[in-house]
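Inspection log for the structure reproduced underneath, given as structure tokens.
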Amino acid sequence: MKKTLGLLLCVSMLFGCLTGCGDKTRQEENKEETNEYPFRIEDLDGYVFTVADSNPARWFPEEGSSNIANAVINRVNKVEELFNCTIERIDYDENEAQLAAQAGTKYADIVVCETWSLGRFLKARRLVDLAKLEGLNLEAEYWQRYGSTNILQYQDKIYALGAPFACQHDEAVVMFFNKAIIEELNLESPYDLYARDEWTMSKLLEYCKAAKKDLNGDGVFDGNDRYGFVCGHEFDGPFTLYMGAGKHFIREEEDGHFTFELNTKEAFRTVNQVAEILDPFENAYDCLGMVESDIVNLFVNGQTLFYCYSRARGVADPIYEMQDDFGIVPMPKGDDAGPDEYNCWVNHNAANMGILANNPDLDKTVMIVEALAYFAQEENEIEEEEYLNVKLRDDMAREIVKNINRYAMIDYAWIGQQCADAGGFQAMNSAVWAVTMTDRSKKIMSSIQEIEQQVETSIRQLEDILLQKDTAQ
């Protein structure tokens, strides 16, 4: 009897243990199921997460000022609540960041600033390779969707990138056109050309020539009259047109090495075509010496048929209030381009997020950054819908702008010129500026031949810097 009772007691205890283990397993499973977010959450015990970013609207806008502002505030509050942390913002100061890096002290958890500024940290090896950070899921849709450039990425290394909370979509250069002038000249709409895949550099030049008009009837063509083209910044015109045509200054090949593309016959032909489009007071308005706000008003006031620039930083805002109707198309593609090979330059003013190598709190930084990226989707969706439905005037423009990111492109030359030994890139850019704008008597072929060796040396240096090889100081 005692043996029987003992056996029953053991079985009962074993069953209880098994039941308890099962309950514990189910509790853990339920806990995982209730975590609705695709990132790890941990109590960080009041950790202060510091963002170096000179744009306060990305972090602490005025509450109630807009739906976007409320979504930004919600993003910050949600992350602080989930991780028991505090998010603070400081103005980005490149000198302070460099000094902290030299001293080996922490400057901030993340830095958000223009591409060119972060590019200066490359040579000194002061940017963490984001691709190696465990917990940063850069393949997630909410990372992939909101970045436009890979200018600080090389082969399998990622030194900085556009983040969902620093979306780059509005930095892609687009072409605005005046519908009233198109109708006046009895020209086919650029929308129709784009729809047939015929919106090319040659068509742009044809339309620019047709647009020229002596508005005041004084028989003299000057700043009071109408022309075809103007770019939102006085020196960006050559680059937006050249790269819109699908050409690079330096190109990353499939094997990961750079080749100098500007010294090819195809590039020379394109530069000469750009120079013709930019012929001052002939096909383009001579905007040298003008500030951006005055340049955009040329388009608003009907003195140019086309205006190209990004919609970032508010420069293009007067267009949305102009009396004449307007449309938007991508930059025209090259005459030799294939189907749908349009390109819209994302210049080096686009915001990028980087993490400096002297950050001792990488595990905490990564967890918070991943959550910030996930929750930033709401504000981006609100911004996109408001821009498309409030500022644009027709469905074709909305469709094009909504998908413009598929045409976004960059060129490593703009990072190369930030590296101390890479003066060849600046010489290359200056040569293009000269032959298309400031000294049009020069020829592109002879100008490139003069600096070709210098550029080739700079290209090899840039490769070494991006691969984090030792380079001569």
### Query
Put a dot 7 Å past each Cα toward the Cβ at Glu276 and Asp336; how far apart are the dots in nm?
1.5
### Listed residue (Ser441, Leu82, Ile68) projecting farthest to the positive dipole end of the chain, Cβ model
Leu82
### Message
Rounded to the nearest 10 Å², what accessible area does Ser54 have for a 1.4 Å probe in the complete protein model?
### Response
70
#### Entry: Cβ charges +1 (Lys, Arg) and -1 (Asp, Glu), total dipole of the chain, debye
1160
### Task
Give me the accessible area of Asp317, 1.4 Å probe, in Å² rounded to the nearest 10.
60
### Query
In degrees from 0 to 90, rounded to the nearest 10, what is the angle of the helix 362-375 Cα long axis to the longest principal axis of the chain?
70
#### Entry: Stretch in the chain that is longest and holds no trypsin sites (Lys or Arg not before Pro) that DSSP places in a loop and that have at most 11 other beta carbons within 10 Å
197-468
### Summary
Taking Cα atoms, the helix 377-386 axis meets the longest principal axis of the chain at an angle in degrees (rounded to 10) of 30
### Summary
For the chain, the accessible surface attributable to carbon and sulfur atoms (probe 1.4 angstrom, ligands and nucleic acids excluded) amounts in percent to 48
#### Entry: Charge dipole magnitude, Cβ of K and R +1, D and E -1 - region 335-419, Cα centre, debye nearest 20
280
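To the nearest 20 debye, what charge dipole does region 380-473 have about its Cα centre, counting +1 at the Cβ of each Lys and Arg and -1 at the Cβ of each Asp and Glu? Mind dumping the intermediate values first?
Working: 10 positive and 17 negative charges, 89 e Å.
Charge dipole of region 380-473: 420 debye, to the nearest 20.
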### Message
Can you find, among Leu118, Leu467, Ile451, the residue sitting farthest towards the positive end of the charge dipole of the chain, where Lys and Arg contribute +1 and Asp and Glu -1 at Cβ?
### Response
Leu467
### Query
Where the centroid of each part is defined by its Cα atoms, how far is region 182-255 from region 354-415 in Å?
28
### Message
Quick check: pseudo-label points 7 Å beyond the Cα along Cα→Cβ at Ser66 and Lys469, how many nm apart are they?
### Response
4.6
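How much accessible area per residue does the chain have, in Å², with a 1.4 Å probe? Show your work: numbers first, answer last.
Details: 21490 Å² over 473 residues.
Using a 1.4 Å probe on heavy atoms only, each residue of the chain averages 45 Å².
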### Message
In the chain, if the dipole is taken from +1 on Lys/Arg beta carbons and -1 on Asp/Glu beta carbons about the Cα centre, which of Ala211, Pro339, Leu392 is farthest to the positive end?
### Response
Pro339
### Task
With everything on Cα atoms, drop me the angle between helix 444-466 and the longest principal axis of the chain, reported from 0 to 90° to the nearest 10.
10
## Note on the structure
Computed on Cα atoms, Rg of the chain relative to 2.2 N^0.38 Å comes out at 1.20
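The values are calculated or read from the model by the stated rules, or taken from the named source; none is laboratory data. For clarity, every value in this text was computed on a predicted model and none was experimentally measured. Here the Cβ is made from the backbone with ideal geometry for all residues, glycine too, and neighbour counts use every protein chain on show. Heads up: the accessible areas ignore ligands, DNA and RNA and are worked out on the full protein's heavy atoms, side chains in. Shrake-Rupley method; radii C 1.70, N 1.55, O 1.52, S 1.80 Å.
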